[in-house]
């Protein structure tokens, strides 16, 4: 892990999913540290931590189906925040429902990716995310 | 003083001298057939002397009737007698052979004269002229006739009207005499009046003569003695005209009056006859007045059992005719003079007396034909019709308002029903949505652990490849395949449920480009197979949900590819035909086909005809097709023959139908 690299915030309640996601990114040579929020409440609590001086992530991977606050609620709070709404949010979820997709974009998500069941496919996605959001994309400072 | 000489000897009808036609006919028969058999002659005699012929013979002769009146010709009683007597004669079948000779004794005009002169006059007048019946209209003529009978009319029967006191005398006067005897009708009349006025408390008896002799009061007291217990009888006797008028105008209620006989002198000093006096008092009388003389009927009395010259004249004429037709006077019993219940219709109306209460056989005179009486049936008819019409209108109005009420109630009920349906539908929709949300959550939740299974089995295979033997590796592959299947199944189920839930759009779709897209996708994904696609699409365009139609066609084509994989030269033909309301899209393959008995079942969810090993699939694809077609108001079906390929059809309506809406 490289301390100079900005972290990535993963919001995921299932430990296996969180673990597999971390592994997939590790295998695709993503070096940034991955911080984990295991429910909506924890995710929102990060806003205070950033205020307190913790490093702001370069992007957030957000599951929609979460205990306590739902992913959409987290998304709404983030995107309504005057300071942190600029953080890119990539929704990474099992749901392919039109309603979820529409709502997520309405609330201001930057990307919506349906989580595949197959690990191989997920690996491909992880590579694409890394390439796009860490190398190609220029985020607001 | 005026002398009126009566010479009314003229017969009612002059005798005609036409011979009896029957007799003449008979004679002519005799003349024509001089040699008629004796039998015919006997028959002829029999006819000639039969009673009918005798009657004909006797009626052929002229009959003379002499009526002797006691007063002058113009005396009202005589006039009435004369009229009714002649009226009865005229009604007789032999009236033309009757000669009527009225004679007037005029004893009141010539009170002192001896009757010898009259006797001489009559004897000379009727010498050589036989009289068949002599009629005496009162006691005085009867006495005269009885006195001079032998000299004047020795063989003539006498028919008389006499007072009671004269009865026995006359009857014993010898054969050939009969007649009627005057009897008073006080009792009958009063009984009748009391019946018509049952609440009567007082009876006022009106009588009087210029001589003030109380003759009539005396007679009335005698006749009415039996009624004194029933009513109080007050006699208004010999009152001057003015006083009588004022008294009768103020008689108490619950009383009636009986008018007996009253002569009075009027304001100019002229003697008023009894009926004239009645005519003066009746109009202002406060109670109904009953009487006993026919002369008073029409002058103001309600009625009563009436007697008078008219009824008597008619009766004596009847008796006369009987005698003339051959009845012996001795065989005709002496009877009381007729008493007829007679009434004045106007007085019945005035005092509100119903005709139904009158005795049977009553005569009602002076009917006034009012407009109502003349036209009452027309009026009643019109009124009935109007009433019926009104009734009809009322019925119609009631019916109309009932209908209105019913319609309002119906409308209200409809509104309630609609509201209830809306509520239920909303509840049902809620339930459905809940169920769908549940299915959707379950499907998603099922996928999450699958990811773990697949992810870790994959990691195991990759990171621990060396530690695993061949069998262990194959197990992991099976885990991977099963996970894939499971994931596909969940995806298909999600798709199926999403189709149920999602709102369909109305897009304009060009069939040709849709088919091209689907074929292109299929080719790209199934690269290892070389399927020959034949496309026969005309330039049809339809309106529908592009996603749903795309998905349906995609499923058909995938299916066709899958089931023609094992054929040497797979060929898939996509065609379209147009009907007036829809476009039918068909996907035909030359694959394994299916047994037609399953043609409908294959569209059911999870329905498979082949083993999953030979033809992998979840069994949801065709169910999705049918569902989406149903939602769009279209149809999905298939035709096939085992081993000879299959054709799958989509019928898509051209315009918006069914559940499908913009």
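Structure above, values below:
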| quantity | calculated |
| --- | --- |
| Within region A:115-141, considering residues that are touching a strand residue (DSSP E or B) at 6+ places or on another chain (Cβ under 7 Å) and within 14 Å of chain B (Cβ to nearest Cβ), the one nearest to residue A:66 (Cα to Cα) | A:115 |
| Only one of B:416, B:462 that is within 14 Å of chain A (Cβ to nearest Cβ), surrounded by 10 or more Cβ atoms within 10 Å (Cβ to Cβ), free of Cβ contacts under 8 Å to residues at least 12 places away in the same chain and over 30 Å from residue A:101 (Cα atoms) | B:462 |
| Residue match in region B:588-603 (condition: over 15 Å from residue B:518 (Cα atoms), touching a helix residue (DSSP H, G or I) at 6+ places or on another chain (Cβ under 8 Å) and free of Cβ contacts under 8 Å to residues at least 40 places away in the same chain) | yes |
| One residue from B:333, B:269 being over 53 Å from the mean Cα position of the chain (by Cα) and free of Cβ contacts under 8 Å to residues at least 12 places away in the same chain | B:269 |
| Residue within region A:67-81 that is modelled with pLDDT under 90 and away from chain B (no Cβ under 14 Å) present | yes |
| Helices (runs of 4 or more DSSP H) enclosed by region B:120-234 - at least 2 residues per element that are touching a helix residue (DSSP H, G or I) at 6+ places or on another chain (Cβ under 7 Å) and under 21 Å from residue B:102 (Cβ atoms) | B:139-152 |
| Unmet requirement for residue B:491, which otherwise passes all of (1) in contact with a strand residue (DSSP E or B) (Cβ under 8 Å, 6 or more places away or on another chain); (2) modelled with pLDDT of 80 or more | (1) |
| Residue in region B:238-252 that is at pLDDT below 90, outside any strand (DSSP E or B) and within 26 Å of residue B:183 (Cα to Cα) present | yes |
| Residue in region B:427-439 that is within 11 Å of chain A (Cβ to nearest Cβ) and either under 18 Å from residue B:492 (Cβ atoms) or part of a helix (DSSP H, G or I) (or both) present | yes |
| Condition check for residue B:469: more than 21 Å from residue B:618 (Cβ to Cβ) and either surrounded by fewer than 18 Cβ atoms within 10 Å (Cβ to Cβ) or away from chain A (no Cβ under 11 Å) (or both) | yes |
| Contacts under 6 angstrom Cβ, first residue in region B:228-250 being under 15 Å from residue B:210 (Cβ atoms), partner surrounded by fewer than 18 Cβ atoms within 10 Å (Cβ to Cβ), 6 or more apart | B:237/B:214; B:238/B:212 |
| Region B:499-510, subset surrounded by fewer than 19 Cβ atoms within 10 Å (Cβ to Cβ) and outside any strand (DSSP E or B), residue nearest to the other protein chains (Cβ to nearest Cβ) | B:502 |
| Residue in region B:405-423 that is within 30 Å of residue B:606 (Cα to Cα) and in a helix (DSSP H, G or I) present | no |
| Residue check for residue A:139: in contact (Cβ under 8 Å) with a residue 60 or more places away in the chain, more than 22 Å from residue B:442 (Cβ to Cβ) and assigned to a loop (DSSP other than H, G, I, E, B) | yes |
| Of residues in region A:101-114 being within 14 Å of another protein chain (Cβ to nearest Cβ) and in contact with a strand residue (DSSP E or B) (Cβ under 6 Å, 6 or more places away or on another chain), the one nearest to residue B:481 (Cα to Cα) | A:113 |
| Residue in region B:596-618 that is surrounded by the fewest Cβ atoms within 10 Å (Cβ to Cβ), counting only those that are out of contact with any strand residue (DSSP E or B) (no Cβ under 7 Å at 6 or more places or on another chain) and at pLDDT 80 or above | B:597 |
| Residue, modelled with the highest pLDDT, within region B:321-331, restricted to residues that are within 10 Å of residue B:178 (Cα to Cα) and surrounded by fewer than 17 Cβ atoms within 10 Å (Cβ to Cβ) | B:328 |
| Residues (outside any loop (DSSP other than H, G, I, E, B), at pLDDT 85 or above, more than 23 Å from residue B:608 (Cα to Cα) and in contact with a helix residue (DSSP H, G or I) (Cβ under 7 Å, 6 or more places away or on another chain)) located in region B:522-575 | B:533, B:535, B:574 |
| Residue that is surrounded by the fewest Cβ atoms within 10 Å (Cβ to Cβ) [pool: residues in region B:443-457 that are within 15 Å of residue A:96 (Cβ to Cβ) and more than 7 Å from chain A (Cβ to nearest Cβ)] | B:445 |
| Hey, residue A:63 within 14 Å of chain B (Cβ to nearest Cβ), surrounded by 18 or more Cβ atoms within 10 Å (Cβ to Cβ), within 16 Å of residue A:115 (Cα to Cα) and modelled with pLDDT of 90 or more or not | yes |
| Qualifying residue in region B:511-533 (condition: surrounded by 14 or more Cβ atoms within 10 Å (Cβ to Cβ) and within 13 Å of another protein chain (Cβ to nearest Cβ)) | no |
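Yes/no matrix, rows are residues, columns are (1) closer than 25 Å to residue B:317 by Cβ; (2) buried (at least 21 other Cβ atoms within 10 Å of the Cβ):
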{"position": "B:104", "(1), (2)": "yes, yes"}
{"position": "B:107", "(1), (2)": "yes, no"}
{"position": "B:110", "(1), (2)": "no, no"}
{"position": "B:114", "(1), (2)": "no, no"}
{"position": "B:125", "(1), (2)": "yes, no"}
{"position": "B:136", "(1), (2)": "yes, yes"}
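The values are calculated or read from the model by the stated rules, or taken from the named source; none is laboratory data. Keep in mind the model is a prediction, meaning the values are calculated, not measured. Cβ: placed from backbone, ideal geometry, glycine included. Neighbour counts: every protein chain shown.
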